[in-house]
Amino acid sequence: MAVHAHPDDESSKGAATMARYAVEGAEVLVCTMTGGERGDVLNPALDRPEVWADLPRLRQEEMAAAKKILGVDQRFLGFVDSGLPKEGEELPEGCFAVQPLEIAAAPLVQAVREFRPHVILTYDENGGYPHPDHIKTHQVSVEAFEAAGDPTRYPDAGQPWQPLKLYYDCTFTKPYFEAIYKAMTEAGLPSWEGDILAMWDDSHPVWEVTTRVECAEYFPTRREALLAHRTQIDPDGPEMACPVEMEQRVWPTEDYHLARSHVPTSLPEDDLFAGVTPDRG
């Protein structure tokens with residue numbers, strides 16, 4: 001199970017991992033906490049009034065296309081996108097980020113108990129980046145991981161089920177951007193990664209990468225799924241400039257930090273299911 005804040009997050013974080021495991025026979029479910037209603041239209045070709053007016057429906061349509069490309073199941077958990085307030089602005093009333101933890105986590109606890117995952121993927125405590133919905137997604141994911149197996153908690157959310165491993169996504173690390181920037185500049189290609197590195201804030205905590213999943217074969221699938229989120233991705237934007245073949249060669253893994261485990265495992269890992277035996281649970 002991968003827990004994400006908005007539609008499109010699943011296609012930029014861990015998408016190739018999910019596609020690989022789905023092909024290998026694992027059941028994969030993406031839980032999307034909000035509908036992405038307050039997202040921007042980042043594709044200039046679609047920045048039109050009628051698109052903005054229909055954005056909630058379009059984001060669901062895009063998610064349906066992306067999940068089909070990835071070969072995974074997906075469900076929306078029903079909260080309203082909080083948007084990204086400017087400094088000093090209040091969060092919108094009733095949005096996901098302002099919900100009390102037990103209210104925000106209850107649908108995810110129910111989803112965990114219904115789907116019965118062995119492994120959960122989510123964001124770290126800073127949300128990967130400090131969007132209020134990403135931070136809240138971290139909080140509800142940890143809450144669900146710790147509460148879903150306890151019959152005394154969330155008693156109306158179904159039969160208890162204890163997931164075995166919880167991972168934080170480590171996709172966009174400084175070493176990753178440095179490697180891509182070096183490869184692109186050596187090939188004579190313009191690289192926006194240089195701008196990212198120039199603004200990098202080294203004060204943010206860095207999680208140790210404990211687990212690297214080889215999934216370069218599925219990078220084209222990842223890109224196709226990301227482009228399915230047409231309102232959110234500019235196909236001609238700088239973030240899409242790195243050739244897939246170069247990324248496959250330079251950084252062939254998707255990376256994670258093992259945050260919780262109820263099974264013994266040896267670090268570093270190359271498999272999210274390391275230590276999980278088929279008959280567990």
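The values are calculated or read from the model by the stated rules, or taken from the named source; none is laboratory data. Because the structure is predicted, anything quoted here is derived from the model rather than measured. We place every Cβ from the backbone using ideal geometry, glycine too, and count neighbours over all the protein chains shown. The protein model used for the area step is the full one, side chains on, heavy atoms only, and it has no ligands, DNA or RNA in it. Shrake-Rupley method; radii C 1.70, N 1.55, O 1.52, S 1.80 Å.
Given a 1.4 angstrom probe, what's the average accessible area per residue across region 112-191, in square angstrom? Intermediate results must be reported in sequence, preceding the final value.
Numbers: 3380 Å² over 80 residues.
Here the per-residue accessible area is 42 Å².
Just going by the charge dipole of region 7-160, with Lys and Arg at +1 and Asp and Glu at -1 on Cβ, which of LEU29, ALA144, PRO130 is farthest out on the positive end?
Looking along the dipole axis, the top candidate is LEU29.
Do the sum for the chain: with -39,500 (n - 2.57) for every DSSP H run of n ≥ 4, divided by all residues, what is the mean residue ellipticity at 222 nm, to the nearest 500 deg cm²/dmol? All intermediate terms of the calculation are to be shown ahead of the outcome.
Numbers: 10 runs with 101 residues, N = 281.
Result for the chain: -10500 deg cm²/dmol, rounded to the nearest 500.
How big is the gap, in Å, between the Cα center of region 210-258 and the Cα center of region 170-203?
The two parts, judged by their Cα centres, are 14 Å apart.
Using the Cα gyration tensor of region 33-131, with a ≥ b ≥ c the square roots of its eigenvalues, what is the shape: rounded (a/c below 1.5), prolate (a/b larger than b/c) or oblate (neither)?
Working: a/c = 1.92, a/b = 1.19, b/c = 1.61.
Oblate, since a/c reaches 1.5 and b/c is not below a/b.
Under 19 Å from a point 7 Å along the Cα-to-Cβ line of LEU46: which residues of region 64-100 have their amide N that close?
Within reach of a label on LEU46: 64-71, 74-76, 81-84.
Counting every Cα pair in region 138-278, what percent are over 26 Å apart?
Every Cα pair in region 138-278 considered, those over 26 Å come to 41 percent.
Could you calculate the contour length gain from TRP200 to VAL23, that is, 0.36 nm times the residue separation minus the distance between their Cα atoms, to one decimal place in nm?
Working: separation 177, 0.36 × 177 = 63.72 nm, distance 3.58 nm.
Length gained between TRP200 and VAL23: 60.1 nm.
If R₀ is 45 angstrom, what is the calculated FRET efficiency for the pair GLU87 and ALA65, using the beta carbon separation as r and rounding to 0.05? Spell out each step's value before the answer.
Values: r = 35 Å, r/R0 = 0.77.
Calculated value: 0.80.
Could you give the length gained on full extension between ARG57 and MET240, defined as 0.36 nm per residue of separation minus the Cα-Cα distance, in nm?
On the way: separation 183, 0.36 × 183 = 65.88 nm, distance 2.49 nm.
Additional length available on full extension: 63.4 nm.
Rg and Dmax of the chain, using alpha carbons, in Å: what are they?
For the chain, the Cα-based Rg and Dmax read 18.6, 60 Å.
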